[in-house]
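Below is one structure; the comments refer to it alone.
The values are calculated or read from the model by the stated rules, or taken from the named source; none is laboratory data. Predicted, not measured: the structure shown is a model, and the values here were computed from it. Cβ placement follows ideal geometry from the backbone for every residue including glycine, while neighbour counts extend to all protein chains displayed.
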Amino acid sequence: MITKKITSFYFLISSLTIIMLFNGCKKDENNPVDTGNTQTSQIAITIGSGTKPQYSWSGGNVFSLSIVRTANQTVVVWGLATPGQNGITSPITNGTAPTGSVETAGTERTLTAGVQYRVSISRLDGTIGFKEFTP
């Protein structure tokens, strides 16, 4: 019983160390940051440069797109949805809502340089994609 607890403790510490190593990676000033969090993403996302980047993806239309600051992931700073349908086509430029979509948040139509963000997209069937970046 004690051996199982010690083994579980060392497994937890090892896992946390690996996570900390991924999160501690430095960014290239000219390219978006990929912190390793895209490994569970089902939809691959490409992010353009600048404070009004273009987001593109493959595999068809999506239901929603949202941008959060990684420091406060509970607040969407810009987002879109097409209620009841996968109606958002790739690519989308940050701050520009295409016809037929509803802007769900709009506090940062222009992002802040040097701040880390996460873009998340989803389809009605539950397929998701996300990627972290710094403009």
Item checked: Selection from region 76-106 of residues that are touching a residue at least 24 places away in the same chain (Cβ under 8 Å), under 13 Å from R123 (Cβ atoms) and outside any loop (DSSP other than H, G, I, E, B) -> I88
Check: Does V33 satisfy being modelled with pLDDT under 95, hydrophobic (A, V, I, L, M, F, W, C), under 20 Å from Q116 (Cβ atoms) and crowded, with 16+ Cβ neighbours inside 10 Å?
Finding: yes
Next item on the list: For region 10-30, state whether one or more residues are modelled with pLDDT of 95 or more, of a type in the set (V, I, T) and either assigned to a loop (DSSP other than H, G, I, E, B) or over 14 Å from F133 (Cβ atoms) (or both).
Entry: no
Notebook entry, point to check: Restricting the search to region 76-114, which residues are in contact with a Lys or Arg (Cβ under 7 Å, 6 or more places away or on another chain) and loosely packed, with under 13 Cβ neighbours inside 10 Å?
Noted result: T110
Item checked: Of residues in region 114-135 being of a type in the set (V, I, T) and not in a strand (DSSP E or B), the one farthest from N94 (Cα to Cα) -> T127
Next item on the list: Would you check which residues across region 60-75 are surrounded by 17 or more Cβ atoms within 10 Å (Cβ to Cβ) and outside any strand (DSSP E or B) and list them?
Entry: F63
